[in-house]
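The values are calculated or read from the model by the stated rules, or taken from the named source; none is laboratory data. Here the structure is a predicted model, which is why all the values come from computation and not from measurement. All Cβ positions, even for glycine, are placed from backbone atoms using ideal geometry, and neighbour counts span all protein chains on display. Surface accessibility is based on the protein's heavy atoms, side chains included, excluding ligands, DNA and RNA. Shrake-Rupley method; radii C 1.70, N 1.55, O 1.52, S 1.80 Å.
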Amino acid sequence: MRSLPNIIVAGTPGVGKTTTCAQLLSLAAQASPRVELRHLSINEIVKERECHSGYDEELQTLMVDDDKLMDEVEKEIADGDGAGGWIIDWHSTAGFAVRWVDLVVVLRCDETSVLYDRLSSRGYKDEKIQENMDAEIFGVVSEEARDGWGEPEDGRVVELKSVEPDDIEENAERILQWVRNWIQDHGP
Ligand code: DAT
């Protein structure tokens with residue numbers, strides 16, 4: 001049984017997942033009492049443990065081997081110490097077992113010009129920017145999360161706006177508060 005919840009912070013590239021995770025981990029480390037969250041960057045796992053079959057030049061992305069990736073993820077979050085507290089930073093929820101994850105936070109940036117600027121400053125090609133903007137407009141990540149963890153009213157999927165700089169702090173605070181509530185509800 002986990003003593004802390006596992007959370008996926010998901011969303012289209014550029015919505016602010018890594019920035020929000022960093023802020024959340026920093027708030028949790030400074031909190032009193034401290035909340036022992038740990039960051040699981042799936043990007044790093046894909047690269048470091050070679051969970052891919054090479055680089056797709058057209059799409060400017062690594063071709064992820066989902067089976068291999070999920071084996072590696074399972075080693076960390078399911079077979080590890082089992083204590084939970086993982087903040088999983090990945091654009092997608094695909095492949096994650098529902099039982100591994102207590103909450104999915106989907107960050108949303110519905111201001112397309114803002115998302116465009118963030119993606120173009122990464123040097124993405126126009127096609128890649130367009131593909132990601134379409135995914136954001138159609139809410140692809142959100143739909144996928146709801147397929148696995150239920151509708152937002154069931155309480156395991158939360159959509160948070162990530163447009164303005166203030167949203168980062170606010171979202172990190174909200175997620176930390178959710179963690180505190182979870183601890184209270186599941187405590188010894
Ligand atoms: P992701 O991890 O979702 O790909 P990121 O955290 O790397 O995104 O953020 C991409 C860029 O956008 C980065 O320069 C920080 C900026 N950014 C993210 N969320 C923001 C927000 N809510 N307000 C202002 N800038 C934001």
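Confirm whether Glu131 is open to solvent by 60 Å² or more (accessible area, probe 1.4 Å) and within 15 Å of the ligand (Cβ to nearest atom).
Values: open to solvent by 60 Å² or more (accessible area, probe 1.4 Å): yes; within 15 Å of the ligand (Cβ to nearest atom): yes.
Yes; evaluated as a whole, the condition is true for this residue.
Among the residues of the range 154-188, how many are touching a strand residue (DSSP E or B) at 6+ places or on another chain (Cβ under 9 Å) and among the polar types (S, T, N, Q)?
Residues meeting the conditions: 2.
Only one of Asp66, Asp110, Asp126 is within 19 Å of the chain's Cα centre (by Cα), surrounded by fewer than 17 Cβ atoms within 10 Å (Cβ to Cβ) and modelled with pLDDT under 95; which? Working first, answer last.
Numbers: Asp66 fails: modelled with pLDDT under 95; Asp126 fails: within 19 Å of the chain's Cα centre (by Cα).
Unique residue meeting the criteria: Asp110.
Can you report the number of residues in the range 137-168 which are part of a helix (DSSP H, G or I), acidic (Asp, Glu) and more than 16 Å from the ligand (Cβ to nearest atom)? If you could, list the steps in order and put the result at the bottom.
Filtering the range 137-168 for residues part of a helix (DSSP H, G or I) gives 137-138, 140-149, 152-154, 165-168.
Subsequent filtering for residues that are acidic (Asp, Glu) retains 143-144, 147, 153-154, 166-167.
Applying the additional criterion that residues be more than 16 Å from the ligand (Cβ to nearest atom) yields 143, 147, 153-154.
Of the residues in that region, 4 qualify.
Return only the number of the condition from (1) farther than 12 Å from Ile8 by Cα; (2) surrounded by fewer than 16 Cβ atoms within 10 Å (Cβ to Cβ) that Ala97 does not satisfy.
Condition (1) is where Ala97 drops out.
Among what's in the range 25-63 and is under 22 Å from Val104 (Cβ atoms) and touching a Phe, Trp or Tyr at 6+ places or on another chain (Cβ under 7 Å), pick the residue that is most open to solvent (accessible area, probe 1.4 Å).
Arg38
Sort out which residues of the range 170-188 are open to solvent by less than 20 Å² (accessible area, probe 1.4 Å) and more than 14 Å from Trp86 (Cα to Cα), and write them in order of number.
Selection gives Asn171, Ala172.
Is it fair to say Ala22 is within 25 Å of Asp147 (Cβ to Cβ) and surrounded by 14 or more Cβ atoms within 10 Å (Cβ to Cβ)?
Numbers: within 25 Å of Asp147 (Cβ to Cβ): no; surrounded by 14 or more Cβ atoms within 10 Å (Cβ to Cβ): yes.
No: the conditions fail for Ala22.
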